[in-house]
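Undergrad: For reference, the structure I am asking about is given below.
Read-outs: derived from the displayed coordinates by stated rules, not from any lab. None of these values were measured; they are calculated from a predicted model. Cβ coordinates were reconstructed from backbone atoms using ideal geometry, including for glycine residues, and neighbour counts include every protein chain displayed.
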Amino acid sequence: MAFELPPLNFSPNALAELGMSQETFEYHHGKHHNTYVVALNGLVEKNPALQGKSLEELIKMSYNNAELTPVFNNAGQHLNHSQFWDSLSPKGGKLPGKLEAKITEDFGSVDAFKEAFKQAGVTQFGSGWAWLVLSPEGKLKVTKSANASTPLVTGEGKVLLTYDVWEHAYYIDFRNRRPDYISNFLDKLANYEFAEANLLAA
Ligand code: MN3
């Protein structure tokens, strides 16, 4: 069963007024993410050892395996982008009560959380991702990863929310202004309902 590009939960112009244009989705979802899916399917097709594995299994078995670096990169990017689309919402930016209470408990305040989450993305040198995770100790934490890596392989925790800091994520709408793209995500686009649902399911 080949991997497939997941559809967006909203129309590609649904976030245009909120700072993420239809053109960004056409490139980022329709071209960048799709390219990872097509490449991953090609790698699986020619390697019997990879066949019948779930996406998560492929990511774990290819992590830190030099021969399988292309598998890790394309499988990781498929998972990371799928989580990113779920981390966006046309009704984003509003914190539901249970998540807000847990954020206040673990970060001190919503503002302190947003600043920490923003700094994770601002300080990720080069391409990568910023993450809100629930640590194995049951605490909310923010972290970052390079390129295609994910908390799934670092043991930092269960992913609740993520945003992409590869330049292709923001260059059409924000040019080189990564910090402005991140603030806009946190205040207007972030699907905190998705993060809360992940927290409550953990
Ligand atoms: Mn991307």
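Undergrad: So, how do all the Cα-to-Cα distances of the stretch 31-73 break down into 5 Å bins, in percent, from 0 on up?
TA: Going out from 0 Å in 5 Å bins, the stretch 31-73 shows 5, 25, 34, 26, 9, 1 percent.
Undergrad: Moving to a separate point now. Comparing 19, 128, 52, which has the greatest mean-square fluctuation in the GNM of the chain with Cα pairs linked when under 10 Å apart?
TA: In the Gaussian network model the winner is 52.
Undergrad: Could you size up the charge dipole of the stretch 97-201 around its Cα centre, putting +1 on the beta carbon of Lys and Arg and -1 on that of Asp and Glu, and report it in debye to the nearest 20?
TA: On the way: 12 positive and 14 negative charges, 36 e Å.
My answer is approximately 180 debye.
Undergrad: Which whole-number percent of Cα pairs in the stretch 97-201 have a distance greater than 23 Å? Don't skip to the answer; put the middle values down first.
TA: On the way: 1200 of 5460 pairs.
For the stretch 97-201, the share of Cα pairs beyond 23 Å comes to 22 percent.
Undergrad: Among 60/188; 46/139; 53/158; 102/144; 46/144; 31/98, which pairs are too far apart, with a Cα-Cα distance over 30 Å? Write down the numbers at each step before the final one.
TA: Numbers: 60/188 33 Å; 46/139 41 Å; 53/158 20 Å; 102/144 20 Å; 46/144 32 Å; 31/98 36 Å.
Exceeds cut-off: 60/188; 46/139; 46/144; 31/98.
Undergrad: Per the helix-only calculation at 222 nm, which mean residue ellipticity applies to the chain, given -39500 (n - 2.57) for every DSSP H run of n ≥ 4 and division by its residues, nearest 500 deg cm²/dmol?
TA: Working: 10 runs with 97 residues, N = 202.
Computed ellipticity for the chain at 222 nm equals -14000 deg cm²/dmol.
Undergrad: Among 190-198, 73-81, how do they line up from the highest to the lowest mean number of other beta-carbon atoms within 10 Å? Kindly include the intermediate steps, with their values, before the conclusion.
TA: Details: 190-198: 20.6, 73-81: 24.7.
Order by mean packing, descending: 73-81, 190-198.
Undergrad: Moving on. Using only Cα atoms and rounding to the nearest 10 degrees, what angle (0 to 90) does helix 110-122 make with the longest principal axis of the chain?
TA: Value to nearest ten degrees: 40.
Undergrad: So if I take the alpha carbon set of the stretch 1-43, get Rg, then get Rh from the Kirkwood formula, what is the Rg over Rh ratio? Walk me through the numbers before you get to the answer.
TA: Details: Rg = 12.0 Å, Rh = 11.2 Å.
Radius of gyration over Kirkwood radius for the stretch 1-43 works out to 1.07.
Undergrad: Rank 50, 186, 88 by mean-square fluctuation in a GNM of the chain with C-alpha springs under 10 angstrom and give only the top-ranked residue.
TA: Maximum among the listed residues: 50.
Undergrad: Okay, moving on. Less than 16 Å apart at the alpha-carbon level, and either on another chain or at least 8 residues along: which aspartates and glutamates does that give for residue 141?
TA: 100, 105, 106, 111, 115, 156, 196
Undergrad: Still on this model: What is the sum of charges around residue 121, taking Lys and Arg as +1, Asp and Glu as -1, for the other residues whose C-beta is under 10 Å from the C-beta of residue 121? Please list the in-between numbers first.
TA: On the way: positive: 118, 144, 178; negative: 164.
Summing Lys and Arg as +1 and Asp and Glu as -1 gives +2.
Undergrad: Report the residue, chosen from 179, 48, 96, that carries the largest GNM mean-square fluctuation when the chain is represented by alpha-carbon nodes joined by springs under 10 Å.
TA: Fluctuation is largest for 48.
Undergrad: Taking every pair of alpha-carbon atoms in the chain, give the share separated by more than 27 Å as a whole percent.
TA: 29
Undergrad: P(r) of the stretch 1-106 in 5 Å steps, Cα pairs, percent per bin?
TA: Values per bin, smallest distances first: 2, 11, 19, 17, 13, 12, 12, 9, 4, 1.
Undergrad: Relative to the longest principal Cα axis of the chain, at what angle does helix 192-201 sit, 0 to 90 degrees, rounded to 10?
TA: Long axis of 192-201 versus the principal axis of the chain: about 70 degrees.
Undergrad: Between residue 135 and residue 13, what is the FRET efficiency for a Förster distance of 45 Å, r being their Cβ-Cβ separation, to the nearest 0.05? Display every interim value, and only then the final one.
TA: Numbers: r = 37 Å, r/R0 = 0.82.
Once the sixth-power term is evaluated, E becomes 0.75.
Undergrad: How big is the gap, in Å, between the Cα center of the stretch 46-100 and the Cα center of the stretch 103-179?
TA: 15
Undergrad: Another question about this same structure. So, in nm, how far is label residue 175 from label residue 100 when the simple model puts each one 7 Å beyond its Cα toward the Cβ?
TA: 3.6
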